[in-house]
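Below is one structure, written out as structure tokens; comments come after it.
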Amino acid sequence: MLTIPYIICYTFILSSDYYSATALPASSEVSETIQVFKTSEKTLDKWVPPKNISKLFPYYISGFDFDSRPFFVVEIGKWPFRDFIEKGKDLEVLDKYVQQMFYRFEYGGKIYSRPGEENQSDESAGILDWEGFSLVDYAHSPTLKFLLKHFASFQKIQDSHAYGLWINVNAVARSFINLATPVLGNVLERIEIYGTQKSRWIPKVLRRIDKDEIPSWYGGTKDSKEFQPVAIFG
């Protein structure tokens with residue numbers, strides 16, 4: 001059961017007053033983020049992040065969709081952004097780590113292909129899983145600002161991101177997405193957003209990718225012991 005303080009906080013978070021109090025990144029900040037991403041591409045390709053970062057913030061290429069695009073899976077709702085940011089250490093490293101992830105989103109179709117096949121697509125796609133995303137992250141201003149800044153990078157990859165399936169989007173995640181809409185740019189037109197009912201989004205996933213290419217918790221045939229991602233970053 002939700003406590004009264006939680007309900008009050010939750011109501012305030014979802015209100016326009018909170019949106020006004022939490023400034024979106026200025027257009028200059030968004031441009032700076034994209035420019036830094038662009039100028040650092042050469043180093044991002046071969047950069048190896050510290051193990052503590054990749055362990056805390058893992059993602060992977062599950063397989064390839066029906067159009068041979070690399071299919072990324074990012075369980076963003078489980079990433080401990082606030083805990084890490086509150087410690088105030090290695091924030092520049094985390095910045096670079098997230099930039100590298102967007103670099104892989106952008107060039108994934110050119111870098112990754114099925115074994116024995118040449119690259120079949122210049123695009124990538126995937127799942128952004130919001131399960132676990134909560135007020136703990138959303139109500140913390142530095143964490144919220146960090147997330148908004150990096151979500152602006154979707155503008156950079158919009159031409160190479162074929163589609164995204166954003167699943168397990170609860171009320172808090174939905175509020176963040178609404179807040180981030182101005183910085184997401186046109187890529188939002190390629191995003192399909194689904195709630196927490198698997199019966200609604202699993203069929204959508206299976207229209208895009210074969211059951212053998214994804215783990216069982218996303219509708220695939222293989223459990224955690226059998227499933228082998230194409231690549232694991234973390």
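The values are calculated or read from the model by the stated rules, or taken from the named source; none is laboratory data. Just so you know, these numbers come straight off a predicted model, no measurement behind them. Heads up, the Cβs are rebuilt from the backbone with ideal geometry, glycines too, and the neighbour counts pull from every protein chain shown.
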Point to revise | Count of region 214-228 residues which are out of contact with any Lys or Arg (no Cβ under 7 Å at 6 or more places or on another chain) and at pLDDT below 95 | key: 7
Review point. Say we look at region 221-234 and pick out the residues that are out of contact with any Phe, Trp or Tyr (no Cβ under 7 Å at 6 or more places or on another chain) and not β-branched (Val, Ile, Thr); which of these is nearest to PRO115 (Cα to Cα)?
Key: GLN228
Check your understanding: How many residues, within region 107-156, are closer than 14 Å to ALA180 by Cα and either modelled with pLDDT under 85 or under 12 Å from the mean Cα position of the chain (by Cα) (or both)?
Key -> 7
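Looking at this structure, is PRO203 surrounded by fewer than 14 Cβ atoms within 10 Å (Cβ to Cβ) and farther than 23 Å from VAL136 by Cβ?
Numbers: surrounded by fewer than 14 Cβ atoms within 10 Å (Cβ to Cβ): yes; farther than 23 Å from VAL136 by Cβ: yes.
Here the answer is yes, as PRO203 does meet what is asked.
Can you confirm whether LYS204 is at pLDDT below 95 and in contact with a strand residue (DSSP E or B) (Cβ under 8 Å, 6 or more places away or on another chain)?
Numbers: at pLDDT below 95: no; in contact with a strand residue (DSSP E or B) (Cβ under 8 Å, 6 or more places away or on another chain): yes.
Spelling it out, it is not the case that LYS204 is at pLDDT below 95 and in contact with a strand residue (DSSP E or B) (Cβ under 8 Å, 6 or more places away or on another chain).
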Revision key, fill the gap. Residues in region 94-115 that are farther than 23 Å from PRO215 by Cβ and exposed (fewer than 15 other Cβ atoms within 10 Å of the Cβ) total 1
Check your understanding: Within region 213-221, is there a residue that is surrounded by fewer than 15 Cβ atoms within 10 Å (Cβ to Cβ) and in contact with a helix residue (DSSP H, G or I) (Cβ under 6 Å, 6 or more places away or on another chain)?
Key -> yes
Practice item. Identify all residues within region 45-93 that are of a type in the set (A, V, I, L, M), farther than 24 Å from VAL136 by Cβ and buried (at least 18 other Cβ atoms within 10 Å of the Cβ); write none if there are none. Key: ILE61
Exercise for review: Starting from region 71-95, take each residue that is assigned to a helix (DSSP H, G or I) and list its partners that are of a type in the set (S, T, N, Q), counting only C-beta distances under 7 angstrom and pairs at least six apart or across chains.
Suggested key: GLY77/ASN168; PHE81/THR143; ARG82/THR143; ILE85/THR143
